[in-house]
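Written below as structure tokens is the structure these notes are about.
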């Protein structure tokens, strides 16, 4: 008797299941921070903000960053096992999955190397002030940088989800011989957006409506690039 989960297709399915689970945990918290907590903090008084920053935010950030980490790890493992179940990174599936995957990798990077380091300092500052100490001077600048990175992740999440689903569910006729041209154009586009996450400003991402609209626009631009170049 052979157990389905002990086969290569079973392993790939198991990793996909975990990938979706951790992805829901991660992206759910991303949307909570951007759509819910941000609006609450804008209306809360100073004491409430301090309590939330000291007690609520660290818990939410723990689930957020580890959801991101395990989404990243299970995604890489899925790519490793894809060949055993008939998928190829050199084909049209690979173009779509790598497109979504690059968005996801940049999002993971932003969580661990921009958002979390800045948020640690913000939490530390709120704790110091609550204990009678002085605030850390560069907290406003750190909060602004973390917000740009978080909004960039919200921007990226929309095309990321589109292309992850498109891999198996959206047939696109493409000539993968032109994939190098496509990847160069795509990487220039997302590289500019990621540079803005590291050094730039919010721009149209300043509001929830703006970042969601920008996310759908980015999805459409990449889709047109894929159809026209490939």
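All of the numbers you see were taken from the coordinates with simple rules; none came from a lab. Computed from a predicted structure; not experimentally measured. Don't worry about glycine lacking a Cβ; one is built from the backbone with ideal geometry, like all the others, and counts go over all protein chains shown.
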- Hey, does segment 29-44 have a residue that's in contact with a helix residue (DSSP H, G or I) (Cβ under 7 Å, 6 or more places away or on another chain), assigned to a helix (DSSP H, G or I) and over 24 Å from residue 193 (Cβ atoms)? yes
- Item | Residues (assigned to a loop (DSSP other than H, G, I, E, B) and within 13 Å of residue 85 (Cα to Cα)) located in segment 1-16 | 7
- Task: Identify, by number, the condition in (1) free of Cβ contacts under 8 Å to residues at least 24 places away in the same chain; (2) surrounded by fewer than 14 Cβ atoms within 10 Å (Cβ to Cβ); (3) in contact with a helix residue (DSSP H, G or I) (Cβ under 8 Å, 6 or more places away or on another chain) that residue 177 doesn't meet.
- Result: (3)
- Message: Can you find, within segment 76-131, the residue that is surrounded by the fewest Cβ atoms within 10 Å (Cβ to Cβ) among those that are under 16 Å from residue 57 (Cβ atoms), in contact with a helix residue (DSSP H, G or I) (Cβ under 7 Å, 6 or more places away or on another chain) and without any contact (Cβ under 8 Å) to a residue 24 or more places away in the chain?
- Response: 121
- Message: Looking at the structure I just gave you, is residue 198 in contact (Cβ under 8 Å) with a residue 12 or more places away in the chain, surrounded by 13 or more Cβ atoms within 10 Å (Cβ to Cβ) and not in a helix (DSSP H, G or I)?
- Response: no
- Query: Quick check: is even one residue across segment 56-68 touching a residue at least 24 places away in the same chain (Cβ under 8 Å), over 14 Å from the mean Cα position of the chain (by Cα), closer than 29 Å to residue 223 by Cα and crowded, with 16+ Cβ neighbours inside 10 Å?
  - Reply: no
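Criterion first (surrounded by 14 or more Cβ atoms within 10 Å (Cβ to Cβ) and free of Cβ contacts under 8 Å to residues at least 60 places away in the same chain) does residue 155 satisfy it? If you could, list the steps in order and put the result at the bottom.
Working: surrounded by 14 or more Cβ atoms within 10 Å (Cβ to Cβ): yes; free of Cβ contacts under 8 Å to residues at least 60 places away in the same chain: no.
Against the criterion (surrounded by 14 or more Cβ atoms within 10 Å (Cβ to Cβ) and free of Cβ contacts under 8 Å to residues at least 60 places away in the same chain), residue 155 does not qualify.
Only residues that are over 30 Å from residue 90 (Cβ atoms) and outside any helix (DSSP H, G or I): list them for segment 201-230, please.
From segment 201-230, those over 30 Å from residue 90 (Cβ atoms) are 201-214; that's our starting set.
Of everything in segment 201-230, those that are over 30 Å from residue 90 (Cβ atoms) and outside any helix (DSSP H, G or I) turn out to be 201, 202, 207.
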